[in-house]
1. Please work out which residue is least open to solvent (accessible area, probe 1.4 Å), limiting yourself to region 131-178 and to residues that are modelled with pLDDT under 85, polar (S, T, N, Q) and under 30 Å from the mean Cα position of the chain (by Cα).
2. Only one of Asn201, Asn214 is among the polar types (S, T, N, Q), touching a Gly at 6+ places or on another chain (Cβ under 8 Å), open to solvent by 50 Å² or more (accessible area, probe 1.4 Å) and modelled with pLDDT under 80. Can you tell me which?
3. Could you count how many residues in region 53-94 are open to solvent by less than 40 Å² (accessible area, probe 1.4 Å) and among the charged types (D, E, K, R)?
4. Of the residues that sit in region 123-138 and are of a type outside the set (Gly, Ala, Ser) and touching an Asp or Glu at 6+ places or on another chain (Cβ under 8 Å), which one is farthest from Leu257 (Cα to Cα)?
5. Would you confirm, using the coordinates I've provided, whether Leu92 is modelled with pLDDT of 85 or more, at negative phi and under 21 Å from the mean Cα position of the chain (by Cα)?
6. For Leu128, which of the numbered conditions (1) aliphatic (A, V, I, L, M); (2) crowded, with 16+ Cβ neighbours inside 10 Å; (3) outside the structural domain of Ala225 (by TED's automatic domain parsing) fails to hold?
7. Only one of Tyr16, Tyr28 is in the same structural domain as Leu281 (by TED's automatic domain parsing), surrounded by 12 or more Cβ atoms within 10 Å (Cβ to Cβ), in a helix (DSSP H, G or I) and over 31 Å from the mean Cα position of the chain (by Cα); which?
8. Before we move on, is Gly98 in the same structural domain as Ala280 (by TED's automatic domain parsing), open to solvent by less than 50 Å² (accessible area, probe 1.4 Å), at positive phi and touching a residue at least 60 places away in the same chain (Cβ under 8 Å)?
Amino acid sequence: MHQSFISYKNYRYAVYATLLSFVAITAYVLDSPRQPPNGGTWLGYTLGTLSALIIVFLMCLGIRKRSYHSSLGSVTGWLSAHVYLGFVLLLLATLHSGFQFGWNIHTLTYALMCLVIASGCWGIYTYLKYPELIVRQSNGLSREIIFQNLKDLDTRALSLVTALDAHTHYLVLDAIRRSTIGGGFWAQLSAYDGSKMLIPNEVGSAVTTRVVDNKGQQMLIEILAAKLANSSNVDEINCLQELLETTGKRAALLRKLQKEIQLQSLLQFWLYLHIPLSFALLSALIIHITSVFIYW
């Protein structure tokens, strides 16, 4: 049975994190240093060392995820510990600093840690929300089935348009040929419809009167609807009605695919922030520790 990393082993790591937080807060409250609380007291060193060890442990999740034959616990357990210890790290590091901040490498390390934790919170949100939205968006159908449905709609549209004038045939064929799914990085994140449609002066002419750079599918539907409204031929009306329904289904299916790609991109995008920030934090942490040993 699938078990969420949030509730892993009856919230085992949430309990550990809560106990660790309680001990740290109690020690901080009861401590009576001769100087204002800071990272240079015995408690500051203790909390700082513990925070550094937790950061190193959290960085090891990437190694564990790629160690497929490892017996050091399940990936779900590691992820659960990663989440809860990441939250408690914010408390430990804050108490370690004694709320003493300035324009130095120590505060930079703390700021990077906060950014890493914030990006991790975004990651938790995406993992909890987006997979369900992706399944709902695709109605439980696989990507192969969706593309097959799209291909069937293309075939049906092309068969219907043979009974219409050459100009309409060209528009439908060109709209199908220029359909765009996915695209570049920002196009995927924004679910941008980059479909294009060229509207020629006459069939076979290389000169165009209008280029629709995006929303080409919607433009095709509007053109077919206008033709339907102005048509008086019964056979043409029936054909245009069915063609309009087919192109409408096709546009909706394309939109679903674009939205699904967007959700999958958002599911991965946070890692492009979280991982570089984590390595930046590790580098700053090494400098922070080194400078402490040199100058303190």
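1. My answer is Ser138.
2. Asn214
3. 1
4. Filtering first and then ranking leaves Ile134.
5. no
6. Tallying (1) aliphatic (A, V, I, L, M); (2) crowded, with 16+ Cβ neighbours inside 10 Å; (3) outside the structural domain of Ala225 (by TED's automatic domain parsing), Leu128 fails exactly one: (2).
7. Testing whether each residue is in the same structural domain as Leu281 (by TED's automatic domain parsing), surrounded by 12 or more Cβ atoms within 10 Å (Cβ to Cβ), in a helix (DSSP H, G or I) and over 31 Å from the mean Cα position of the chain (by Cα) leaves just Tyr28.
8. So Gly98 passes the test.
The values are calculated or read from the model by the stated rules, or taken from the named source; none is laboratory data. Remember, predicted model here, so these are calculated numbers, not experimental data. Virtual Cβ from ideal backbone geometry, glycine too; neighbours counted across all protein chains shown. Ligands, DNA and RNA are excluded from the accessible area calculation, which covers all protein heavy atoms including side chains. Shrake-Rupley method; radii C 1.70, N 1.55, O 1.52, S 1.80 Å.
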